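The block underneath contains the structure these notes are about, expressed in structure tokens.
Taken together, the values in this text are just the output of simple stated rules run on the coordinates, not laboratory data. Keep in mind that this is a model prediction, so the values were computed, not measured. Methodologically, a virtual Cβ is constructed for each residue, glycine included, from the backbone with ideal geometry; neighbour enumeration extends over all protein chains shown.
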Amino acid sequence: MKHYLISLNVFCLLIASNPMKGQVENVPSAPAIIGDSLQTILDNAVQQHNITGGIMAVYSPGKWVWYGTTGSASRDSLIPITPKFNFRIASISKSFVAISLLQLQQNGVLNLNDTLGTWIRQTLVDSIPNGHSMTIRQLLNHSSGLGSNTGNVNCLPQTTNDLLMPITFKEALNCGLQLGPEFFPGTSFSYTNTNYTLAAEIVEIASGLDFTTYIQQNIIIPAGLTSTFVPTSNQLSGDYMRCYWNTYPYFSDWSIVHPSVYKGYAGLVSNAEDLFKYYEAINGLELFNQSTWDEMFTTMIPTGFNGYEYGLGIDNEDYGKFEVLGHHGEVGNSNYWYYYPELDAYLIYNMTNQGFFPMSLGLIENPVYNLLYATQDVTLLEVDINVRVDEMVLFPNPATDYFSIKLNEDINSAVSLQILDISGRKISGFDLRISSGMLEVTGLDFEPGIYQVICGLRETTYAVRLLIK
């Protein structure tokens, strides 16, 4: 769990406008060249960190979508995963709470700058340190100063049976209050689940609906989500990914919990396709208007962690080479729900094991970005290995230290060539020359594996998979 204390200055992330809405159900599958690379990225990440199983999905609106799985959904028995499997989305749930309150503000019911006393009974506000100075906005952007209920060791479940016991709103709140205030509201940042326990309570008070009913009517149905829900019992229905806390001496499955345990901050269940549709509904202004979208995405505060800002149920992570907008979270698993604004592309994954962050940056986020960046302006005319077509022939394939390319048009000095590894990283260290109407590539010293050869000539780009043995 993130936990940083710093002095606070408001930071504004400038985004020109929201991306255009797409329709993830109606785009074709990714070209095999891209799909093979993405599958290898997923397989490598799971294998390197002893993860039981994983789902990963990448979506380029208007172009293609890719879903991949690897491993098993459970440690106890081999359960092959399909992309339709549900999983607990953990702190991605916070965006549902934030959107609920933004909608209520847009409809004139409340204002995010209202203090807690505007909506919560005074005796309860009196029990909250600095409660009379605390606003709804400060709950959403974690600048309230409250301690985290999940950071109180006296409140943590001692056995998996404890997860089946209900917890009341007051009990969850008190677990955070017992830790005392960390700072005066609005002066610093500390990621605190207690904030969203309180925020969900305000949704219920202001709307007159229980939280589950509110998001069903105002987010899930309008966004067309068919596999997203708040569980109503200890059991998850259908096929689902398990949640393994690996901080214990054994891998405890925390996927079966009482629905009150994660209320507000981590309670929802969804799947990859629904999470794409949810983000598209946000960016397509199906859930609120442009002004509200701007408020959600352009008011971020610094957190004390380099390149990481937090806003209203959503964060901005700037890695220098690229940045992403979205949220991640863990409830015994590891979940990622982010948008690459530069590339207009989405990345989602679920891993059955807790603790995959921050290793994921080098294993998934960076390689996926590299691949998307390298192929964003390429029209891929795919050529299967060892299959000749009229447009292009690459031989020998598999290759060792050289290969040649013959195109069905004159090759001249304007030809361009890129070689990408399976993660989309551009490879250098080869010689290139034109001879007898062919492109000859020599001096290869690559590791064995699958590579992508992208050849550009005039207005056409060709791509082929190359095996190095």
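Worth pointing out:
- Acute angle (nearest 10 degrees) that the helix 272-283 long axis makes with the longest principal axis of the chain, alpha-carbon atoms: 70
- Tail fraction, Cα-Cα pairs, the chain, threshold 40 Å, whole percent: 26
- Förster radius 22 Å - calculated FRET efficiency between K321 and Q376 (Cβ-Cβ, nearest 0.05): 0.95
- Among beta bridges that DSSP assigns inside the chain, antiparallel share in %, nearest 5: 90
- The local environment of W245, defined by Cβ-Cβ distances under 13 Å, has a net charge of 0 under the rule Lys, Arg +1 and Asp, Glu -1.
- The string of couplings for region 362-374 from the Karplus curve (6.51, -1.76, 1.60, θ = phi - 60°) is x, 8, 10, 4, 5, x, 5, 4, 4, 5, 5, 5, 5 Hz, one whole number per residue in order, with x for Gly and Pro.
- Separation between Cα centres of region 298-365 and region 125-182, rounded to whole Å: 24
- Across region 99-116, computed HN-Hα scalar couplings (Karplus, 6.51 cos²θ - 1.76 cosθ + 1.60, θ = phi - 60°) run 5, 4, 6, 5, 5, 5, 5, 4, 8, x, 7, 8, 10, 4, 8, 4, 7, 4 Hz from first to last residue, x flagging Gly and Pro.
- D253, D274 arranged by Cβ crowding within 10 Å, fewest neighbours leading: D253, D274
- The modelled label-to-label distance between D431 and Q178, using points 7 Å beyond Cα along the C-beta direction, is 7.2 nm.
- Distances between placed amide hydrogens fall under 5 Å for N152 paired with no residue 5 or more residues away or on another chain.
- Amide H partners (placed H, <5 Å) of H142, local residues excluded: none
- Highest-first arrangement of 180-190, 442-452, where packing means the average Cβ count within 10 Å: 180-190, 442-452
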